[in-house]
Amino acid sequence: MNKVTKIGDVAEKTGYSITTISRAINGNPNVSDKTKKKIFAAMKELNYYPNNIAQQFRGQGTKMIGVVISFITNPFFAYLVDAIERYLSHSGYQVVMLQTLENPAKELQFIEMLQKKQLDGLIMANLENDTEEIKSLVESGKIVLCNRYLGNENLMIINIDETKAAYQATNYLIKCGYKRIAYCTGGIKNKNDYRFKGFMQAVTENGLSFDESLYFEKLLTIKDGEELLVNILEEKSTMPDAIFSNGDTVAAGILYAAKKYGIAVPEELGIIGFDNQPIAEVLNPALTTIEQPIKELGEYSAQVLLANLQGTSVPVAPDLETKLIIRETTK
């Protein structure tokens, strides 16, 4: 029968006291990163795992953090969760990815897990609900919002300036000579969609009008992008001369369909994406897109939550700036 590894075995291997090891496991900021690294390496080698249930009884929490996303298939969320998990793992936390499929009821289920102390905290990357419980949990630091919040409460959120980014992208398309521009989003139409506000700001300032029939929603995948352009062609709608896509994967599908049906890009159709995912650079022609600092967004969200849970000062926010990456799908 295999011997059960105890915390004393980790102490013996590392030379640190049981108190120091416990502090490292619980993310105490007074334990250096070098010490934590040695302790966690020994724990891994000895196959030692802290008893989360026992920790809960001692008031030490679960050491589990939930990251709430809308769709696991969206590469943006994969990179975001990766950055969060890598950062929190250094403090002994495990990350659980929770997918809502943009169902507000599932959001509430995950928040209930936090209220029942099955999780120590939540990082919510796409919040749609507005409740007093959520507001209270955000204000108390148990929930950190990042990326997108489409509700009406004035809640602290870690994100880019979406209005500015979309304005920059749309204004660039217009300066390239495109006038009839379609707008694609992964969600549904919402008055708090700041990307659409930036899009419309550029359209209006340049004296153009927007055809509401060119607003397309619930587009998330390469296939969605391909089918969108096919439907436009089949319905014999007046073709846009450019498309602003809220994601690079959808833009890739639009580009694939354009090539398939002989539509010249960028001469007949300009395409611009969002995120600057690796696929953007390898497409042919390469995709013009907006780069956003996904790694920094995830790491800072993790830092803030960790500071909230440990009662330490919140770190200074990094410069979360976007950048227009001009490639070959625009003139």
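Derivation of every value follows stated rules applied to the coordinates shown; laboratory data play no part. The structure displayed is predicted, hence computed values, not measured ones. For neighbour counting, all protein chains shown are included, and Cβ atoms are generated from backbone atoms with ideal geometry for every residue, glycine included.
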Worksheet item: Quick one: Cα centre-to-centre distance for the stretch 288-308 and the stretch 181-251, in angstrom?
Response: 26
Response to the item:
Short to long, in 10 Å steps from zero, the percent of alpha-carbon pairs of the stretch 283-325 per bin is 25, 36, 22, 12, 5
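In this model, which of Lys189/Lys218; Lys197/Lys223; Lys175/Lys197 are farther than 21 Å apart at the alpha-carbon? Don't skip to the end; give the middle numbers.
Values: Lys189/Lys218 9 Å; Lys197/Lys223 26 Å; Lys175/Lys197 18 Å.
Beyond 21 Å between Cα atoms: Lys197/Lys223.
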Response to the item:
Counting sequence-distant residues (5 or more places) and residues on other chains, those with an amide H built under 5 Å from that of Gly247 are Phe274
Worksheet item: Expressed in nm to one decimal, what extension gain is obtained for the pair Tyr256 and Arg86 from 0.36 nm per residue of sequence separation less their Cα-Cα distance?
Response: 57.8 nm
Practice prompt. Estimate the FRET efficiency between Ile263 and Leu108 by the formula 1/(1 + (r/R0)^6), using the beta-carbon distance for r and 25 Å for R0, to the nearest 0.05.
Written response: 0.05
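Only sites in a loop by DSSP and with at most 16 other Cβ atoms within 10 Å count here; which GluC sites (Glu not before Pro) in the stretch 151-250 make the cut? Don't skip to the answer; put the middle values down first.
Working: sites: Glu153, Glu162, Glu205, Glu212, Glu217, Glu226, Glu227, Glu234, Glu235; in loops: Glu153, Glu217, Glu235.
The qualifying sites are Glu153, Glu217, Glu235.
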Worksheet entry | Cα-centre dipole for the stretch 94-143 with unit charges at Cβ (Lys and Arg positive, Asp and Glu negative), debye to 20 | 240
Worksheet item: Hey, rough spin-label estimate for Asn284 and Gln94, points 7 angstrom out along Cα→Cβ, what's it come to in nanometres?
Response: 4.5
Worksheet entry | Rg/Rh for the stretch 195-331, where both radii come from Cα atoms and Rh is the Kirkwood radius | 1.08
Worksheet entry | Cα-only radius of gyration and Dmax that characterise the stretch 169-220, units Å | 10.8, 30
Worksheet entry | Folded to 0 to 90 degrees: helix 33-46 orientation relative to the chain principal axis, Cα | 80
Worksheet item: In the set (i) 33, 21, 20; (ii) 45, 20, 17; (iii) 27, 22, 21, which value of semi-axes √(5λ) of the Cα gyration tensor in Å was calculated from the structure you see?
Response: (ii)
Item to complete: Quick one: which residues, 5+ away or cross-chain, put their amide H under 5 Å from the amide H of Gly121? H built at 1.01 Å from N.
Response: Gly66
Fill in: Test item: Cα-centred dipole of the chain, Lys/Arg +1 and Asp/Glu -1 on Cβ, debye
1300
Fill in: Net length gained if the chain between Lys34 and Glu321 were fully extended (0.36 nm per residue, minus Cα distance)
100.2 nm
Worksheet item: Evaluated at 37 °C with a viscosity of 0.692 mPa s, what Stokes-Einstein diffusion coefficient in µm²/s does the stretch 249-315 have when Rh comes from the Kirkwood expression over alpha-carbon pairs?
Response: 230
Item to complete: Check each of the trypsin sites (Lys or Arg not before Pro) in the stretch 189-254 and keep only those in coil by DSSP with at most 13 other C-beta atoms within 10 angstrom; list them in order.
Response: Lys189, Lys191, Lys218, Lys236
Worksheet item: Between the helical axis of 222-234 and the dominant principal axis of the chain, each derived from Cα atoms, what acute angle in degrees is found, rounded to the nearest 10?
Response: 20
Worksheet item: How far is helix 162-175 tilted, in degrees, relative to the longest principal axis of the Cα atoms in the chain, given as a value from 0 to 90 rounded to the nearest 10?
Response: 30
Worksheet item: What is the set of long-range amide H partners of Thr288 at a cut-off below 5 Å, with H atoms built 1.01 Å from backbone N?
Response: Gly273, Arg327, Glu328, Thr329, Thr330
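State the antiparallel share, in %, of DSSP beta bridges confined to the chain, rounding to the nearest 5.
Values: 3 of 33 bridges.
Roughly 10 percent of the DSSP beta bridges within the chain come out antiparallel.
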